[in-house]
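J.: Following this message is one structure expressed as C-alpha cells.
The values are calculated or read from the model by the stated rules, or taken from the named source; none is laboratory data. These figures come from a predicted structure and were not determined experimentally. Note that we place each Cβ from the backbone using ideal geometry, even for glycine, and neighbour counts take in every protein chain shown. All accessible areas refer to the heavy atoms of the entire protein, side chains included, with ligands and DNA or RNA removed. Shrake-Rupley method; radii C 1.70, N 1.55, O 1.52, S 1.80 Å.
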Amino acid sequence: MGNHVWDQKEFPDQIADLPNVIRPANLPKGTPGRGWAVTETGAGVPVAVLNMGGSLFFNQYHNPFEAAEDIIPKLRESANVVVLDFHAEATSEKIAMGRFLDGKASLVVGTHTHVQTADETVFPGGTAYITDVGMTGPHDSVIGVETESVIRKFLTQMPARFETAKGDIRLCAVCVDIDEATGRARSIERLCEPLAT
C-alpha cells in the first residue's frame, strides 16, 4: 500500500482482517493495520516485508530513515531476508534510502511513480536496489489511466474523471537472487512482461 491506501472509506475497518496486506509503517501511531509482515517462501525461508512512505512531497509520513533504522533490526530477528517497498515521490529520497540500508536490507524497491527505472544494482553491502519497480497495468496509458482524459486535464486544468486504460497489460517486477543465510543479494534483474488478457 502507498499514499492511496485510505481512498476507500470502508478500508480502515477492513485492514485488520487482511493478513496479507500491509500499509506504510511510518504512519502515525494508532493508524489501522500493520507496516510489515514476516512470511515464508515455498521452501520455508522466512522473508520480512516492510512498507514505508517517503517524506518528500508527502506530509502524512514520519521520517522513513528513522523508522527503518528502528524496525529493520527487529525484523532481522525473525528473517535474514528483508525486503523494503519504499513508496516515495522523489528519486533522491529513494536512492538515499537504498544506500542508507545497504547491508541492512536484502532488497529496496521504489514504488509510486509507476514507470520502471533502468538502475537496478546490488550495492557493495549486498542490498539489491531499483528506484522504481514499475506498475502492473495497462502500458498504453498515462501511468495506467486513459490517455485522453489525462491530456484534457493538463490542457484545461479542469477536474477530470480518470478511468483505467484497457489492453496491453504488463507486469513489471524484479527477480532477485538472495543468499538466505546472510540476507545478501547476489543479483537483481528487472522484468516487464505482457500478461495474457
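J.: Can you list residue pairs whose Cβ atoms sit under 9 Å apart, with the first residue in the stretch 42-57 being open to solvent by 10 Å² or more (accessible area, probe 1.4 Å) and the second being among the polar types (S, T, N, Q) and in a strand (DSSP E or B)? Count only pairs 6 or more apart in sequence or on different chains.
T.: PRO46/THR39; VAL47/THR39; VAL49/THR39
J.: Still on this model: Let me spell it out: the conditions are (1) modelled with pLDDT of 95 or more; (2) in contact with a Lys or Arg (Cβ under 8 Å, 6 or more places away or on another chain), and PRO138 meets all of them except one. Which number is the exception?
T.: Of (1) modelled with pLDDT of 95 or more; (2) in contact with a Lys or Arg (Cβ under 8 Å, 6 or more places away or on another chain), only one is false for PRO138: (1).
J.: Tell me yes or no: at least one residue of the stretch 84-100 is in a loop (DSSP other than H, G, I, E, B), open to solvent by 10 Å² or more (accessible area, probe 1.4 Å), in contact with a His (Cβ under 8 Å, 6 or more places away or on another chain) and farther than 23 Å from GLY30 by Cβ.
T.: yes
J.: Just to be sure, is VAL115 surrounded by 14 or more Cβ atoms within 10 Å (Cβ to Cβ) and in contact (Cβ under 8 Å) with a residue 12 or more places away in the chain? Spell out how you get there, then give the answer.
T.: Details: surrounded by 14 or more Cβ atoms within 10 Å (Cβ to Cβ): no; in contact (Cβ under 8 Å) with a residue 12 or more places away in the chain: yes.
Judged against the criteria, VAL115 is not a match.
J.: Please go through the stretch 58-114 and give me each residue that is under 18 Å from SER187 (Cα atoms), in contact with a helix residue (DSSP H, G or I) (Cβ under 7 Å, 6 or more places away or on another chain) and not hydrophobic (A, V, I, L, M, F, W, C), ordered by number.
T.: LYS104, GLY110
To keep it simple, each residue is scored yes or no on (1) small (Gly, Ala, Ser); (2) in contact with a strand residue (DSSP E or B) (Cβ under 8 Å, 6 or more places away or on another chain); (3) not in a strand (DSSP E or B).
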{"position": "ALA16", "(1), (2), (3)": "yes, no, yes"}
{"position": "ILE22", "(1), (2), (3)": "no, yes, yes"}
{"position": "PRO32", "(1), (2), (3)": "no, no, yes"}
{"position": "THR39", "(1), (2), (3)": "no, yes, no"}
{"position": "MET52", "(1), (2), (3)": "no, yes, no"}
{"position": "HIS62", "(1), (2), (3)": "no, no, yes"}
{"position": "ASP70", "(1), (2), (3)": "no, no, yes"}
{"position": "LYS74", "(1), (2), (3)": "no, no, yes"}
{"position": "ALA79", "(1), (2), (3)": "yes, yes, yes"}
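J.: How many residues are of a type in the set (S, T, N, Q) and within 17 Å of the chain's Cα centre (by Cα) if we restrict to the stretch 32-80?
T.: So the count comes out to 5.
J.: Now for a different question. Select the strands (runs of 3 or more DSSP E) contained entirely in the stretch 121-197, then report the ones holding at least 3 residues which are in contact with a Cys (Cβ under 9 Å, 6 or more places away or on another chain) and surrounded by fewer than 19 Cβ atoms within 10 Å (Cβ to Cβ).
T.: Numbers: elements: 128-130, 169-178, 185-194.
Fully inside the stretch 121-197 and qualifying: 169-178, 185-194.
J.: Give just the number: which of (1) of a type in the set (Ser, Thr, Tyr); (2) assigned to a loop (DSSP other than H, G, I, E, B); (3) in contact with a Gly (Cβ under 7 Å, 6 or more places away or on another chain) does THR117 not satisfy?
T.: Going through (1) of a type in the set (Ser, Thr, Tyr); (2) assigned to a loop (DSSP other than H, G, I, E, B); (3) in contact with a Gly (Cβ under 7 Å, 6 or more places away or on another chain) one by one, THR117 breaks only (3).
J.: If you don't mind, another one. I need the full set of residues from the stretch 19-41 which are basic (Lys, Arg) and buried (at least 18 other Cβ atoms within 10 Å of the Cβ), in order please. Explain how you work it out, then say what you get.
T.: Here is the first cut: in the stretch 19-41, the ones basic (Lys, Arg) are 23, 29, 34.
Matches in the stretch 19-41: ARG23 only.
J.: Which of the residues spanning the stretch 101-112 are part of a strand (DSSP E or B) and either at positive phi or open to solvent by 20 Å² or more (accessible area, probe 1.4 Å) (or both)?
T.: Scanning the stretch 101-112 gives ASP102, THR111.
J.: For the list (1) open to solvent by 80 Å² or more (accessible area, probe 1.4 Å); (2) under 19 Å from VAL109 (Cβ atoms); (3) aliphatic (A, V, I, L, M), I need the number of the one condition that ALA16 fails.
T.: Here ALA16 meets the rest and fails (2).
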